[in-house]
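Here's the structure, in structure tokens; my notes come after.
The values are calculated or read from the model by the stated rules, or taken from the named source; none is laboratory data. All of these numbers come straight from a predicted model, not from anything done at the bench. Here Cβ is always computed from backbone atoms with ideal geometry, including for glycine, and neighbour counts include all displayed protein chains.
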Amino acid sequence: MTQVRWEYLTPPEFKKLAKEEKVCILPIGSLERHGEHMPFGTDGLTAHKVSVLAAEKEPCVVFPAYWFGQVHEASCFAGTVNFPTDLLCKMLETLLDQIAQNGFEKILLVSGHGGNAHFLDYFMMSQMERDVNYTLYYAFTLSGPRFNALDIWDAPGGGHADESETSMIMAVAPGTVKMEQQIFPEPILPGEDLKHLWEKGILTPLWWYGMYPENVSGTPSAATAEKGQKALDAAVEDIADVIRTVKKDTAAPRIRQEFCRRHREVKDMK
């Protein structure tokens, strides 16, 4: 089996894989509370595990898990690590540039943290300000067609540290879930203090905390490692397909080069 983990590769192995494939995955998670029963590193552990297993099917280099995602909504909990927005962007930009300097023409962000969604959507668009020599892609770990088609969950609802996420981490990192520490009455339902707003599509910065004040929802006790393994297998196949698509893509690099050229032309006019 081809070694794909950046930190495990020797220099000759690294140079060969980088030259042949030109693709590097950056798994992004967070360090945040997932109720009382799950590890803080759930999102990064999942993103990295899925990325590594997918890259073993469709070879490319996988960077070590990057823990510093957007997690403002959980910054009130001990164990959370969250940085100011400008620093988040600068750190990620700098890391991407460093990865590219090692010969990678395509970098795929694989996020395992739902709270990264809005941050990474904006971050991706903000990169159009920068004239770089690599093309950036972004996918969410648990949103592919195989994962979404799973019919294995017994408990309705959820969304964070619930049956599915708890099952997943049972398969990804066995022994890290402490179900005896799940102390909240189930099903754990969203708080309704802000219901009059979110029902009408009105958000505030507090919308997540208002709905999930303990950063857990659904029915965690319905989780099993067997369900988690099925979910992990589905996510791996989905991300392997993403890698194949990214490898074959020629349109995004071409359009990036065209945009950068036109952007330079406009700047030169000023």
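For the range 134-149, filtering for residues that are modelled with pLDDT of 95 or more, part of a loop (DSSP other than H, G, I, E, B) and not small (Gly, Ala, Ser) leaves 1. The residue that is surrounded by the most Cβ atoms within 10 Å (Cβ to Cβ), among those in the range 97-121 that are acidic (Asp, Glu) and over 21 Å from Arg244 (Cβ atoms), is Asp97.
Would you please name the residue that is surrounded by the most Cβ atoms within 10 Å (Cβ to Cβ), looking only at residues in the range 236-270 that are over 14 Å from Glu58 (Cβ atoms) and among the hydrophobic types (A, V, I, L, M, F, W, C)?
Of all residues in the range 236-270, those over 14 Å from Glu58 (Cβ atoms) come to 250-270.
When the remaining residues are screened for being among the hydrophobic types (A, V, I, L, M, F, W, C), the result is 251-252, 255, 259-260, 266, 269.
Values: Ala251: 9, Ala252: 13, Ile255: 11, Phe259: 12, Cys260: 15, Val266: 8, Met269: 6.
Per the criteria, the residue is Cys260.
Restricting the range 170-195 to residues that are assigned to a loop (DSSP other than H, G, I, E, B) and of a type in the set (A, V, I, L, M, F, W, C) leaves a set whose member that is surrounded by the most Cβ atoms within 10 Å (Cβ to Cβ) is Val177. The set of residues from the range 57-74 being closer than 16 Å to Leu109 by Cβ and outside any loop (DSSP other than H, G, I, E, B) comprises Val61, Val62, Tyr66. The residues of the range 196-224 that are of a type in the set (A, V, I, L, M, F, W, C) and surrounded by 17 or more Cβ atoms within 10 Å (Cβ to Cβ), listed by number, are Trp208, Met211, Val216, Ala222, Ala223. Only a single criterion out of (1) modelled with pLDDT of 95 or more; (2) surrounded by fewer than 21 Cβ atoms within 10 Å (Cβ to Cβ); (3) within 19 Å of the chain's Cα centre (by Cα); (4) not aromatic (Phe, Trp, Tyr) is not satisfied by Leu232, namely (2). Checked across the range 79-100, the condition of being in a loop (DSSP other than H, G, I, E, B) and over 30 Å from Ala231 (Cα atoms) holds for at least one residue.
Of the residues in the range 167-181, none is over 25 Å from Val61 (Cα atoms), among the hydroxyl-bearing types (Ser, Thr, Tyr), touching a residue at least 24 places away in the same chain (Cβ under 8 Å) and in contact with a strand residue (DSSP E or B) (Cβ under 8 Å, 6 or more places away or on another chain).
Residues of the range 211-228 being touching a Lys or Arg at 6+ places or on another chain (Cβ under 9 Å) and free of Cβ contacts under 8 Å to residues at least 60 places away in the same chain, which ones?
If the condition is that a residue be touching a Lys or Arg at 6+ places or on another chain (Cβ under 9 Å) and free of Cβ contacts under 8 Å to residues at least 60 places away in the same chain, then Met211 is the only one that fits.
With farther than 15 Å from Pro253 by Cβ, in a helix (DSSP H, G or I) and in contact with a strand residue (DSSP E or B) (Cβ under 7 Å, 6 or more places away or on another chain) as the only criterion, which of Leu120, Leu109 stands out? Residue meeting the stated conditions: Leu120.
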